[in-house]
Amino acid sequence: MMRFIRFIFIGILSLVVTASVCRADDAARNIQLNVKTFTLQNGMLFLIVERPTTPQIACRLAIRAGSALEESGRTGIAHLLEHMMFKGTKNFGTLDAEKDRELQAQIEAAYQTVLREQNKRKPDYELIEKKRKEMDKLRMEVQDIYIPQAFSSQLGRNGAVGVNAFTSKDQTQYMASVPSDMIEQWFSIVSEQLFEPSWREFYVEKEVVQREWAFRYINNPQGAAWLDLSATAYTAHPYRNPTIGWKSDMEKYTTRAAMDFHETYYNPTNSVCVLVGDVKAEDARKLAEIYFARYPAGKRAPERVTQEPSQEGPRRSVRFLKGARTPLVTLGFHTAPMGTQDFYAVDAMTMVLSHGRGSRMTQNIINKGHALEAWAYHPDNRYGGMVILGGSPKEPDDLKEGLRTETSKRDAYVAACESLEEILMAEVAKLKTDLVSKRELQRIKKLNEREFLERMRSNEDLAGTLATLEVQVGWRYLTTYLEEMEAITPEEIRRVAGEYIRADKKTSVYVIPGGKPDQPPEQYAEVRSLTGSAAARVVKTDTSKNHSIYATPEGWKHPLSFERKPKKIDYPRAEFSGVEGVPMFYLPDRELPLIDLTLLVKAGAVDLAEDQIGLPALIDGSLIRGGTETYSPSEMAMVLDEKAIRLSVSVGEEVTRVGLSVTKADWKKGLEHLEEILTRPRFDASVLEAVKQQTLTHLNRQADNAQTVAMREGALWFFRGHPYGRDPLQGLQTIPNITREDLMDFLKRYFVRANIVAAVAGDIEKEVAEKSLGALFRALPDSKAPERRMEDPRETPPVVTLIHKPGQVQSQIGFRLPSVKRTDPDYWNISLLMDIFGGGDSLLFKRLRDDLGFVYSAWFYQTYKWQAGTLVGYMGCQGTGTRQAVEETVRIMTSLHGNVPEGKLEQKRLDSLNSFVFNVDSPTELVDVYARYHIRKEPLDTLTRIQDAFISASKEELEALARKFLDPKKLQVFVVADKTMRIKTEGGEEYTLEDDVERLAKILGLPFRGTELR
């Protein structure tokens, strides 16, 4: 039951809601959600959850308007408006607010002339061209006074992370997480940006979203599937339109159209603000009165839109998408609106099908090898309901046998999709005749409880959930949902399955690999969450004046007047003890009734023989799924789901990670199941075979991804002759021959007490954890830990390698350079150097992408293995610009030998120190870090040492490290592209990409090698 406590303030209604949710059969478990609310006189609603555990706040501001409220001919305008909310206001983003306003008005007037002419039967094309040139000239004048990314950079320079936004059918939501000492800055800058934006750069951003269309829907098979499903399933309802809009509407966007939408929906009455974290409601209210109360009230968005008529017959769409690698199936069925009784029943139905390890689709389709993926999804929507079934079929047998013509491939994929559709529908058909068992129903209810707790773990997740639910159906839905689901019966599930999942109401959508693309994929990237280094480029403006059209409230501070000085974070030390010879790190966390256990085992791919390449993937995929001596695979999945026990196993290159996360009440039961899985696994033959086939399919498709190929071939060369350099494609030969006995031997050999480190955090006493873990560890062998005898990798020679991938017109380029181990005193200074050179908003990225336009993505970071350090880089660029992009990379690298820009160093130092507010910000993450340090034999105070290194690093030290480690003579370059691509120079000379890459090698003084795609 919910309990409401009311407090009255002048002009403000404040409400504190404590929601207690408990299962009928376990009243001892109380889940608390304390939400404090207040509403300003202009109608703006605030939801506050006070969580002072860490000095950070998750901020969300949702506008109750998305693409469903757009007018015909203006589809996508809500999404474009979202983009415009990052362009500044009169107070920031320009050097001259008045001149900026005048120029924007002239640009709009010129475009209105263009639009009028275009809509005529006989347009005056000379006038159109004249006005377009006029617009270009005016835009260049705007550029002279425009300060780009002023909004994101001001937040970023003061420690904010996750600065972003999204538009959906139902809402537009703006987000950021800020250090708690910067919450007033968030109020100041966000209130102004959303409610009184400038419209500068509108026609530039209009071109950006048109590129985004291709990125989301043409280059992306999943995006294409959702686009086709909505457009086919809906005929009248506005959900039929893509959120980004239709391309023809995008081409005609005007500033006036965006302003109309803004004037209608961007007002305080139609907004909700959610703050979760280290903030008090009374402080938030005071700031809201200063920064948000100044804006006038408006109207709430409508709660109903054009309704979809009843579907009278099946619909189908098949898209042959060039460049797609994997076939996809999606099936849509119209269902009940959110919050209705049928909605809850449909939710329960989809969970039976696709939620948890014990779900029917996982057990009956995926684990039996009938498909690579199979799922059911019931999205929360404000204006209408739909349930979606989907998946990806297994590789058709015809293709395995070498089918080669494009038509025959397409036919084989279509047949595979049709087969998967039948399998999905057959699974639902069982629900129409047979009642779901009480045990199965209880399973999903338990999983629901656990998901409720998981939402409350993260400030960001809880803030986003509250904001979204408030827009869709009201935030209290979160507090009543479990109660409603508790009441669902098997009969209701059978009824809604029969009523809604019908062949005559079905919309089927297939996305089929359609061969090689006709042109390069459209590249698109949004840079919104900026760090301090980006902010360094932003020109400071006068913060003494307020250029807003609204009166300046008492206590107001200019959005750009805030400056944060980060302090070193002191992390609490974990309690350490030995349990049956196993080192254990422990930290309490009483906020939620959850306990997390991590076991780190010194075992990985490097410890295996050559004929066992691929074994880690089989362990990952079948250890838990494959059941135990006591439980079959399906029964094991069921007992784990019944207690909402989350188990995971990941065999990495050098360490295996086992994770257990349970509610406090189920801690002992979770350990019992973990013990049985580790000591008495079944590795069921059918599950193991399905995992093998899925792994082999993924390996066979690896060559389709040029970036993956570039990074793979780089690692093979860099670590040649060392276990770090094993070829994953050898798994195509070894995986079929790996047996259950091989998997059992891995566990028996490496899962011994002397080879494990444990980390525990949560709502548990240390003594209780030690006692219960003692029983688990006693069940493991008490033998000596296997000795890892592995020499450090030898340095391999420099090279420029061209991997020929026919039809690959965009070069994917990988780089490698040697570095030092993590334990080396220089390691963290090198990391700082690499952040300057190739990190976010780095010298590399800015020069190659922003200044020269050579690349759409570029980075160069330091990474590590236990016995080696590596500098790894990547860039994606037009094939014709490959040589120039690599040459410029080397030039920037060399320039750092004698000049690390001091301003860049200081901003990157600031970035790194600010980031510690959000790094390792929970007890679970912290004990996991200590355990990793221990197993790698690193100092436990490494977090402090990292901060000290960043604070003390000097320009001279970094330049010396650049001379030593950024050495072009040791560079290894790996280019994946079509070597036959023709390149023409301005002088008319023509040659192939292969010729150009060979020329590059000669310029760099490095050996060249060409190789075919594997």
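In segment 920-972, what residues are open to solvent by 40 Å² or more (accessible area, probe 1.4 Å), among the acidic types (Asp, Glu) and more than 25 Å from Gln907 (Cα to Cα)?
Of everything in segment 920-972, just one residue is open to solvent by 40 Å² or more (accessible area, probe 1.4 Å), among the acidic types (Asp, Glu) and more than 25 Å from Gln907 (Cα to Cα), namely Glu925.
Among (1) over 30 Å from Gly66 (Cα atoms); (2) open to solvent by 10 Å² or more (accessible area, probe 1.4 Å), which single condition is Lys505 missing?
Status for Lys505: all satisfied but (1).
Across segment 865-912, what is the total count of residues that are among the hydrophobic types (A, V, I, L, M, F, W, C), part of a helix (DSSP H, G or I) and closer than 14 Å to Phe845 by Cβ?
3
Within segment 490-504, how many residues are in a loop (DSSP other than H, G, I, E, B) and either of a type in the set (A, V, I, L, M, F, W, C) or free of Cβ contacts under 8 Å to residues at least 40 places away in the same chain (or both)?
Going through segment 490-504 one residue at a time, the tally reaches 1.
Residues are listed down the side, and each one gets a yes or a no for (1) part of a loop (DSSP other than H, G, I, E, B); (2) hydroxyl-bearing (Ser, Thr, Tyr); (3) more than 30 Å from Val49 (Cα to Cα):
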position	(1), (2), (3)
Phe261	no, no, yes
Val272	no, no, no
Leu275	no, no, no
Ala288	no, no, no
Tyr295	yes, yes, no
Glu303	yes, no, no
Gln307	yes, no, yes
Arg316	no, no, yes
Met349	no, no, yes
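I'd like to verify a number: residues in segment 296-338 that are open to solvent by less than 50 Å² (accessible area, probe 1.4 Å) and of a type outside the set (D, E, K, R), how many? Steps first, please.
First pass over segment 296-338, keeping only residues open to solvent by less than 50 Å² (accessible area, probe 1.4 Å): 298, 301, 305, 308, 311, 313, 317, 321, 323-324, 326-336, 338.
When the remaining residues are screened for being of a type outside the set (D, E, K, R), the result is 298, 301, 305, 311, 313, 317, 321, 323-324, 326-336, 338.
The qualifying residues number 21.
Any idea which of Ser359, Ser354 is in contact with a helix residue (DSSP H, G or I) (Cβ under 8 Å, 6 or more places away or on another chain), closer than 30 Å to Glu395 by Cβ and open to solvent by 10 Å² or more (accessible area, probe 1.4 Å)? Steps first, please.
On the way: Ser359 fails: open to solvent by 10 Å² or more (accessible area, probe 1.4 Å).
Sole residue among the options that is in contact with a helix residue (DSSP H, G or I) (Cβ under 8 Å, 6 or more places away or on another chain), closer than 30 Å to Glu395 by Cβ and open to solvent by 10 Å² or more (accessible area, probe 1.4 Å): Ser354.
Applying the selection to segment 915-942, what residues are within 30 Å of Met182 (Cα to Cα), in contact with a helix residue (DSSP H, G or I) (Cβ under 7 Å, 6 or more places away or on another chain) and touching a residue at least 40 places away in the same chain (Cβ under 8 Å)?
Phe916, Val920
If you scan segment 233-267, which residues turn out to be under 28 Å from the mean Cα position of the chain (by Cα), over 11 Å from Gly76 (Cβ atoms) and open to solvent by 50 Å² or more (accessible area, probe 1.4 Å)?
Selection gives Arg240 alone.
On the given criteria, is Glu395 under 25 Å from Gly223 (Cβ atoms) and open to solvent by 60 Å² or more (accessible area, probe 1.4 Å)?
On the way: under 25 Å from Gly223 (Cβ atoms): yes; open to solvent by 60 Å² or more (accessible area, probe 1.4 Å): no.
Judged against the criteria, Glu395 is not a match.
Return yes when Arg788 is closer than 19 Å to His934 by Cβ, part of a loop (DSSP other than H, G, I, E, B) and within 31 Å of the chain's Cα centre (by Cα) and no when it is not.
Taking the combined requirement at face value, the residue does not satisfy it.
Hey, could you check segment 975-1014 for residues that are of a type in the set (D, E, K, R) and part of a loop (DSSP other than H, G, I, E, B) and say which is least open to solvent (accessible area, probe 1.4 Å)? Break it down stepwise before answering.
Of all residues in segment 975-1014, those of a type in the set (D, E, K, R) come to 978-979, 982, 984, 986, 989-990, 994-996, 998-999, 1002, 1009, 1012, 1014.
Filter once more, so that each one left must be part of a loop (DSSP other than H, G, I, E, B): 978-979, 986, 989, 1014.
On the way: Asp978: 22, Lys979: 53, Glu986: 194, Glu989: 113, Arg1014: 104 Å².
The residue in question is Asp978.
Has segment 558-565 got at least one residue that is over 30 Å from Phe916 (Cα atoms), at pLDDT below 95 and open to solvent by less than 30 Å² (accessible area, probe 1.4 Å)?
Checked against the condition, which is being over 30 Å from Phe916 (Cα atoms), at pLDDT below 95 and open to solvent by less than 30 Å² (accessible area, probe 1.4 Å), segment 558-565 yields no hits at all.
Among (1) in contact with a Ser or Thr (Cβ under 9 Å, 6 or more places away or on another chain); (2) surrounded by 14 or more Cβ atoms within 10 Å (Cβ to Cβ), where does Leu95 come up short?
(2)
Do you know which residues across segment 398-450 are within 18 Å of Met638 (Cα to Cα) and either open to solvent by 80 Å² or more (accessible area, probe 1.4 Å) or basic (Lys, Arg) (or both)?
Scanning segment 398-450 gives Lys438, Arg439, Arg443, Lys445, Lys446, Arg450.
Regarding Ala293, is this residue surrounded by fewer than 22 Cβ atoms within 10 Å (Cβ to Cβ), at pLDDT 95 or above and within 28 Å of Ile549 (Cβ to Cβ)? Full working, then the answer.
Details: surrounded by fewer than 22 Cβ atoms within 10 Å (Cβ to Cβ): yes; at pLDDT 95 or above: yes; within 28 Å of Ile549 (Cβ to Cβ): yes.
Yes; evaluated as a whole, the condition is true for this residue.
Looking at segment 755-763, is at least one residue at positive phi and either among the hydroxyl-bearing types (Ser, Thr, Tyr) or open to solvent by less than 10 Å² (accessible area, probe 1.4 Å) (or both)?
Yes, segment 755-763 contains at least one residue that is at positive phi and either among the hydroxyl-bearing types (Ser, Thr, Tyr) or open to solvent by less than 10 Å² (accessible area, probe 1.4 Å) (or both).
For the subset of segment 667-717 comprising residues that are assigned to a loop (DSSP other than H, G, I, E, B) and either surrounded by fewer than 17 Cβ atoms within 10 Å (Cβ to Cβ) or of a type in the set (A, V, I, L, M, F, W, C) (or both), which member is farthest from the chain's Cα centre (by Cα)?
We begin by selecting, within segment 667-717, every residue assigned to a loop (DSSP other than H, G, I, E, B); these are 680, 682-684, 701, 705.
Narrowing further to those that are either surrounded by fewer than 17 Cβ atoms within 10 Å (Cβ to Cβ) or of a type in the set (A, V, I, L, M, F, W, C) (or both): 680, 683, 701, 705.
Numbers: Arg680: 36, Phe683: 32, Arg701: 23, Asn705: 19 Å.
Filtering segment 667-717 for residues that are assigned to a loop (DSSP other than H, G, I, E, B) and either surrounded by fewer than 17 Cβ atoms within 10 Å (Cβ to Cβ) or of a type in the set (A, V, I, L, M, F, W, C) (or both), the one farthest from the chain's Cα centre (by Cα) comes out as Arg680.
Among the residues of segment 577-603 satisfying the criterion of being touching a residue at least 60 places away in the same chain (Cβ under 8 Å) and open to solvent by 30 Å² or more (accessible area, probe 1.4 Å), which is nearest to Glu98 (Cα to Cα)?
Among residues in segment 577-603 that are touching a residue at least 60 places away in the same chain (Cβ under 8 Å) and open to solvent by 30 Å² or more (accessible area, probe 1.4 Å), the one nearest to Glu98 (Cα to Cα) is Glu591.
Can you find a residue in segment 952-968 that is among the basic types (Lys, Arg), touching a residue at least 12 places away in the same chain (Cβ under 8 Å) and out of contact with any strand residue (DSSP E or B) (no Cβ under 9 Å at 6 or more places or on another chain)?
yes
Inside segment 362-376, can you point out the residues that are under 25 Å from the mean Cα position of the chain (by Cα) and closer than 21 Å to Ser437 by Cα?
Thr362, Trp375, Ala376
Considering only segment 776-810, how many residues are among the small types (Gly, Ala, Ser), farther than 30 Å from Gly514 by Cβ and open to solvent by less than 50 Å² (accessible area, probe 1.4 Å)?
2
Of the conditions (1) open to solvent by less than 40 Å² (accessible area, probe 1.4 Å); (2) more than 26 Å from Gln472 (Cβ to Cβ), Lys368 fails just one. Which one is it?
With (1) open to solvent by less than 40 Å² (accessible area, probe 1.4 Å); (2) more than 26 Å from Gln472 (Cβ to Cβ) applied to Lys368, the lone miss is (1).
Taking the conditions exactly as written (assigned to a helix (DSSP H, G or I), within 30 Å of Ile595 (Cβ to Cβ), open to solvent by less than 60 Å² (accessible area, probe 1.4 Å) and at pLDDT 95 or above), does Leu478 satisfy them or not?
In short, no.
Residue under question is Val178, and the condition is that it be in a helix (DSSP H, G or I), aliphatic (A, V, I, L, M) and either touching a strand residue (DSSP E or B) at 6+ places or on another chain (Cβ under 9 Å) or at positive phi (or both); does it hold?
So Val178 does not fit the description; no.
Among the residues of segment 655-666, which ones are more than 30 Å from Gly391 (Cβ to Cβ), open to solvent by less than 30 Å² (accessible area, probe 1.4 Å) and not in a helix (DSSP H, G or I)?
Hit for segment 655-666 is Thr663, nothing else.
Could you tell me which of the residues Arg778, Arg788, Arg816, Arg849 is touching a strand residue (DSSP E or B) at 6+ places or on another chain (Cβ under 9 Å) and either in contact (Cβ under 8 Å) with a residue 12 or more places away in the chain or of a type in the set (A, V, I, L, M) (or both)?
One residue alone meets the criteria, Arg816.
The values are calculated or read from the model by the stated rules, or taken from the named source; none is laboratory data. All figures in this text were calculated on a predicted structure; none of them were measured in a lab. All Cβ positions, glycine included, derive from the backbone under ideal geometry; neighbour counts span all protein chains shown. Note: accessible area is taken over every heavy atom of the protein model, side chains too, but ligands, DNA and RNA are not part of it. Shrake-Rupley method; radii C 1.70, N 1.55, O 1.52, S 1.80 Å.
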